[in-house]
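Participant: Have a look at the structure that comes next, please.
The values are calculated or read from the model by the stated rules, or taken from the named source; none is laboratory data. All of these numbers come straight from a predicted model, not from anything done at the bench. Here the Cβ positions follow ideal geometry from the backbone for every residue, glycine too, while neighbour counts run over all protein chains shown. The accessibility values were calculated without ligands, DNA or RNA, using every heavy atom of the protein model including side chains. Shrake-Rupley method; radii C 1.70, N 1.55, O 1.52, S 1.80 Å.
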Amino acid sequence: MTTRACLAAALAIAAIPPAGAADLPSRNQPASPPPAFTWTGLYVGFNGGYAWTASDPITISTVNLYDSSTLKFGAASAAGATGTVAARLDGFFFGGQLGYNWQFADRLIVGVEADVQGLGVRGGRGQNTVYPAQRDGAAATSMKLDRDLEFLGAARGRLGYAVTPTLMAYVTGGLAYGGANLSGGVSQNLSPGLLLSDTVRGDHFGILTGWTVGGGAEMALTRNLSGKLEYLYYDLGQLWLSNPSLHHDNLVTQATIVADATSAHTRYNGHILRAGLNYRFDFSSPETAGSAATPLFASPKFAPVERPRFEDWKFMAMPYLWTLNLNGTMALRGETVDVNGTFIDALTRSSSFPLAFMGRAEAENGPFWAYGDLVWAQIRFGGSALSLRSPVADLSVSASVSGRLKSTFAIGEAGFGYELARWKLASAPDSFTAIDAYTGLRYVNMSAHLDADVIAAATAPLLGVSIVDGKSVLSSGTLWWMDPVIGLRMRHSFAQGSKFEARADIGGFGAGSKFSWQFYGGYSADFDYSDTHFTALVGYRALGMDFAKYIEGRENGVNQVIHGPVTGLGMRF
């Protein structure tokens with residue numbers, strides 16, 4: 001090729017338009033910016049904290065109804081059983097919440113939230129008084145009043161402001177409700193004279209409604225996970241208790257000499273400080289582009305995912321701690337006992353530390369999985385955590401009765417399950433949701449020992465009571481049954497080794513217990529340490545049981561809910 005030809009070819013190449021080069025892919029093209037974070041979406045979570053009272057007093061009032069005593073004890077008897085007792089209403093609690101947020105105008109957030117907590121919030125105090133009678137003598141009175149909140153919940157609105165894209169400050173308020181219990185006992189001696197000291201006890205449970213208001217802050221830890229710190233003030237109003245008549249009888253003639261009517265009331269209001277953890281579901285969060293403001297509801301796009309295939313078996317073994325709280329009743333030899341106690345009660349109001357062992361094992365291969373779970377615990381309750389519901393009518397001398405209960409129970413479960421469906425969101429390809437069905441057996445063995453202190457020498461043949469140094473042993477016994485159970489499990493994997501799991505089952509159906517149910521919800525995360533594979537979890541578990549068996553014509557059984565937070569650390573193989 002001549003020199004002139006080479007020069008012409010070079011000029012032709014240089015004359016190629018730059019637009020042709022623009023059509024070639026560039027290695028330096030910037031990646032698409034990630035979507036803006038938004039608070040919009042449906043979330044679920046759990047919380048725990050401390051509650052303390054805003055008003056201390058329990059007020060008791062007594063009116064004299066009848067007085068035929070020569071020393072005119074009526075006025076002194078009524079005045080001695082009237083007064084105000086300071087009773088704090090403090091304790092720890094755990095619970096869960098469900099809510100929905102909508103972020104608009106870039107930084108404003110409105111939402112609704114419903115929550116419920118199981119409480120160890122109790123308080124009570126005694127008081128002794130001596131009042132002179134109108135002519136001579138005196139009325140010596142001993143009073144013991146207790147109150148507690150068994151559960152507390154709310155349905156509230158929230159109005160928030162995004163201080164930063166991932167930090168929200170908010171105010172909240174709405175309807176509050178709670179299960180309140182008020183109990184009291186009055187014992188009185190009128191002297192001098194052959195007048196018998198009489199003790200009356202009353203116990204009243206009611207569901208109260210009121211209002212709550214407060215505020216807090218919530219911070220996003222990941223796109224789905226957020227933590228919050230919240231303060232609330234609640235006011236549920238008052239609860240009233242009317243005791244049986246307080247009467248004094250002549251020891252010889254058994255005739256009533258003095259009779260009074262007593263009633264007590266208190267207000268249930270206070271402060272709550274709690275921390276919580278929320279998980280917001282991907283399917284409820286609209287896609288964002290440049291702004292955190294979103295439509296009110298998302299239009300998620302789901303894609304099916306192939307179920308895992310049968311390959312090698314995988315195993316998990318985990319000891320865990322279930323912080324037990326008991327609410328319900330227990331029947332022993334026909335005597336019904338209210339049992340409302342928390343793990344805090346077992347720690348602070350028991351002569352011995354609660355003993356417990358819990359463990360769970362799972363094996364899975366493809367869509368098939370099997371499980372085993374064991375719970376063994378021994379707990380003692382007394383004082384305000386336990387009260388006798390039915391009256392001790394056949395005692396020849398009515399007296400102050402306070403109960404104590406030692407309960408030992410074992411719960412064993414085993415079964416298998418199969419994955420029914422699995423899908424993912426098009427906007428979250430690294431996560432998936434799966435639904436499983438499972439069936440199995442649940443074995444329950446419960447033994448209980450109940451005793452009651454009676455400040456008198458008395459016999460109670462209808463209850464089978466024997467008096468030993470002033471203590472009457474009411475009943476001891478063991479109950480056991482086995483329930484068939486069926487249930488569903490939902491698993492949502494956020495990423496590899498990070499998932500939320502919810503299980504719910506029902507059982508019994510008269511084959512073992514009348515009916516039983518169970519719910520568990522929790523978050524688990526996998527991690528490795530020194531070439532060992534671990535799994536850590538935190539969640540909440542509740543188990544309800546209704547079982548009855550008649551022995552010698554008397555009912556024995558339980559109708560209880562056992563619930564509380566769960567934490568565990570296990571190994572994967």
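Residues are listed down the side, and each one gets a yes or a no for (1) open to solvent by 70 Å² or more (accessible area, probe 1.4 Å); (2) at pLDDT 95 or above; (3) not in a loop (DSSP other than H, G, I, E, B):
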{"position": "Arg156", "(1), (2), (3)": "no, yes, yes"}
{"position": "Ala169", "(1), (2), (3)": "no, yes, yes"}
{"position": "Leu182", "(1), (2), (3)": "no, no, yes"}
{"position": "Ser187", "(1), (2), (3)": "no, no, yes"}
{"position": "Leu208", "(1), (2), (3)": "no, no, yes"}
{"position": "Trp211", "(1), (2), (3)": "yes, yes, yes"}
{"position": "Thr222", "(1), (2), (3)": "yes, no, no"}
{"position": "Ser226", "(1), (2), (3)": "no, no, yes"}
{"position": "Gln238", "(1), (2), (3)": "yes, no, yes"}
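Participant: Test Gly570 against the criterion of being farther than 30 Å from Arg201 by Cα, part of a strand (DSSP E or B) and at pLDDT below 90, and give yes or no. Spell out the reasoning first.
Facilitator: Details: farther than 30 Å from Arg201 by Cα: yes; part of a strand (DSSP E or B): yes; at pLDDT below 90: no.
So Gly570 does not fit the description; no.
Participant: Can you find a residue that is within 28 Å of Glu113 (Cβ to Cβ), in contact with a Leu (Cβ under 9 Å, 6 or more places away or on another chain), surrounded by 18 or more Cβ atoms within 10 Å (Cβ to Cβ) and modelled with pLDDT of 75 or more anywhere in the stretch 306-329?
Facilitator: The answer is yes; a qualifying residue exists.
Participant: Looking at the stretch 417-428, can you tell me whether even one residue there is modelled with pLDDT under 95, of a type in the set (Gly, Ala, Ser), exposed (fewer than 14 other Cβ atoms within 10 Å of the Cβ) and in a strand (DSSP E or B)?
Facilitator: Looking through the stretch 417-428, at least one residue is modelled with pLDDT under 95, of a type in the set (Gly, Ala, Ser), exposed (fewer than 14 other Cβ atoms within 10 Å of the Cβ) and in a strand (DSSP E or B).
Participant: Also: Specify which of the listed residues (Ala261, Ala255, Ala176, Ala217) is at pLDDT 90 or above and open to solvent by 20 Å² or more (accessible area, probe 1.4 Å). Quick ask: steps written out before the conclusion?
Facilitator: Working: Ala261 fails: at pLDDT 90 or above; Ala255 fails: at pLDDT 90 or above; Ala176 fails: open to solvent by 20 Å² or more (accessible area, probe 1.4 Å).
Every option except Ala217 fails the conditions.
Participant: Is there a residue being modelled with pLDDT under 85 and surrounded by fewer than 17 Cβ atoms within 10 Å (Cβ to Cβ) anywhere in the stretch 108-120? Reasoning before the result, please.
Facilitator: Start the filter on the stretch 108-120 by keeping residues that are modelled with pLDDT under 85, which leaves 118-120.
Restricting the remaining residues to those that are surrounded by fewer than 17 Cβ atoms within 10 Å (Cβ to Cβ) gives none.
Scanning the stretch 108-120, I find no residue that is modelled with pLDDT under 85 and surrounded by fewer than 17 Cβ atoms within 10 Å (Cβ to Cβ), so the answer is no.
Participant: Continuing with this model, one more query. For the stretch 524-539, which residues satisfy the criterion of being in a strand (DSSP E or B) and open to solvent by 50 Å² or more (accessible area, probe 1.4 Å)? So that I can check it myself, show each step before the final result.
Facilitator: Taking the stretch 524-539 as the starting set, the residues that turn out to be in a strand (DSSP E or B) are 524-529, 532-539.
Answer for the stretch 524-539, where residues must be in a strand (DSSP E or B) and open to solvent by 50 Å² or more (accessible area, probe 1.4 Å): Asp526, Phe527, Asp528, Tyr529, His533.
Participant: What's the number of the only condition in (1) charged (D, E, K, R); (2) over 30 Å from Thr256 (Cα atoms); (3) in a strand (DSSP E or B) that Arg125 fails to meet?
Facilitator: (2)
Participant: Residue under question is Ser516, and the condition is that it be among the hydroxyl-bearing types (Ser, Thr, Tyr), farther than 30 Å from Gly276 by Cβ and either open to solvent by 50 Å² or more (accessible area, probe 1.4 Å) or modelled with pLDDT of 90 or more (or both); does it hold? Explain how you work it out, then say what you get.
Facilitator: Numbers: among the hydroxyl-bearing types (Ser, Thr, Tyr): yes; farther than 30 Å from Gly276 by Cβ: no; either open to solvent by 50 Å² or more (accessible area, probe 1.4 Å) or modelled with pLDDT of 90 or more (or both): yes.
Criteria not met by Ser516.
Participant: Could I ask something else about it? Run down Ala51, Ala76, Ala36 and say which single residue is open to solvent by less than 20 Å² (accessible area, probe 1.4 Å) and either outside any strand (DSSP E or B) or out of contact with any Leu (no Cβ under 8 Å at 6 or more places or on another chain) (or both).
Facilitator: Numbers: Ala51 fails: either outside any strand (DSSP E or B) or out of contact with any Leu (no Cβ under 8 Å at 6 or more places or on another chain) (or both); Ala36 fails: open to solvent by less than 20 Å² (accessible area, probe 1.4 Å).
Just one listed residue meets the conditions, Ala76.
Participant: Residue under question is Trp39, and the condition is that it be under 28 Å from Val171 (Cβ atoms), among the hydrophobic types (A, V, I, L, M, F, W, C) and out of contact with any Ser or Thr (no Cβ under 9 Å at 6 or more places or on another chain); does it hold? Before the answer, list the steps.
Facilitator: Numbers: under 28 Å from Val171 (Cβ atoms): yes; among the hydrophobic types (A, V, I, L, M, F, W, C): yes; out of contact with any Ser or Thr (no Cβ under 9 Å at 6 or more places or on another chain): no.
When the stated conditions are applied, Trp39 does not pass them.
Participant: Right, another one. Looking at Gly497, Gly522, which one is more than 22 Å from Gly564 (Cα to Cα) and without any contact (Cβ under 8 Å) to a residue 60 or more places away in the chain?
Facilitator: Values: Gly522 fails: more than 22 Å from Gly564 (Cα to Cα).
Of the residues listed, the single one that is more than 22 Å from Gly564 (Cα to Cα) and without any contact (Cβ under 8 Å) to a residue 60 or more places away in the chain is Gly497.
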